[in-house]
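The structure appears right after this line, and notes come after that.
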Amino acid sequence: MSEPHVVAKGGGARLDAVRWPVHTERLALRPAEAADAEATWRFRQLDEVTRWLTGRSASLDEHRLTFMDPDRLSKTLVVELDGEVIADLMLEIKDGFSQRDVAEGALGVEAELGWVFDPAHTGHGYATEAVRELLRLSFEELGLRRVIANCFAENEASWRLMERVGMRRETHTIREALHRSGEWLDGMGYAILADEWQAAARR
């Protein structure tokens, strides 16, 4: 049974309210630490991974500086398989859009998810298992109302994952984002609401 979600002063859930680590059938999720920089660099330096990342580092030292940024670290989790870090995840709690006179009710009620998995561990369902747990945490532990995720449209593996975990496509933007290849690429945006998640869980 989940603990009641904790609301921060002024509204909004706190990621540090969760009892970490959180375990799934095969994986452990926990907040990232500065010491995880080297483990995540192992897969974040790969061309097949950096192709879809918003930013990339040229060296371990540069990656370590970015990874250890307090704002970034505060919303980063890592996924462990038998003690080995095989992914890092983002769970960024955000305010919902609202009119000004009801803005307080929209504080910290949504989250954006992101993920980077080690290609050496793909094909075993670990990404699906970890992201499903992110959704469960978002709705059951943190009490959020809506969760979103975005990717390049050409990153099929990512949006297929969003669909596997029950998210629905809300946007398909046309040539929206400039890729480092020099091309303007389409984007995909997915979302799921708390009541949609609960209905799916009941089924």
inquiry  = Against the conditions (1) in contact with a Cys (Cβ under 7 Å, 6 or more places away or on another chain); (2) under 18 Å from Leu29 (Cβ atoms), where does Trp159 fall short? Just the number, please.
reply    = (2)
remark   = Counting only residues in region 19-57 that are aliphatic (A, V, I, L, M) and not in a loop (DSSP other than H, G, I, E, B), the one nearest to Val78 (Cα to Cα) is identified as Leu29
query = Which condition number in (1) under 24 Å from Leu137 (Cβ atoms); (2) open to solvent by 40 Å² or more (accessible area, probe 1.4 Å); (3) in contact with a helix residue (DSSP H, G or I) (Cβ under 6 Å, 6 or more places away or on another chain); (4) not small (Gly, Ala, Ser) is the one that Asp82 fails?
reply = (3)
inquiry  = Testing Glu92 on (1) closer than 24 Å to Pro31 by Cβ; (2) crowded, with 16+ Cβ neighbours inside 10 Å; (3) out of contact with any Gly (no Cβ under 9 Å at 6 or more places or on another chain), one condition comes back false. Which one is that?
reply    = (3)
Neighbours by Cβ (under 9 Å, 6+ apart or cross-chain): first from region 83-103, without any contact (Cβ under 8 Å) to a residue 40 or more places away in the chain and under 22 Å from Gln45 (Cα atoms); second surrounded by 13 or more Cβ atoms within 10 Å (Cβ to Cβ) and of a type in the set (Phe, Trp, Tyr) = Met90/Trp115
request  = Scan (1) within 18 Å of the chain's Cα centre (by Cα); (2) modelled with pLDDT under 95; (3) open to solvent by less than 70 Å² (accessible area, probe 1.4 Å) for the single condition Ala8 breaks and write down its number.
outcome  = (1)
key: Lone qualifier among Arg132, Arg169, Arg164, Arg146 - being in contact with a helix residue (DSSP H, G or I) (Cβ under 6 Å, 6 or more places away or on another chain) and modelled with pLDDT of 95 or more   = Arg164
inquiry  = Out of the residues in region 136-183 meeting the condition of being assigned to a helix (DSSP H, G or I) and among the aromatic types (Phe, Trp, Tyr), tell me which one is farthest from Asp95 (Cα to Cα).
reply    = Trp159
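The values are calculated or read from the model by the stated rules, or taken from the named source; none is laboratory data. Just so we're clear, the structure is a prediction, and the values are computed from it rather than from any experiment. Backbone-built Cβ (ideal geometry, glycine too); neighbour counts: all protein chains shown. Accessible surface areas use protein heavy atoms only, side chains included; no ligands, DNA or RNA. Shrake-Rupley method; radii C 1.70, N 1.55, O 1.52, S 1.80 Å.
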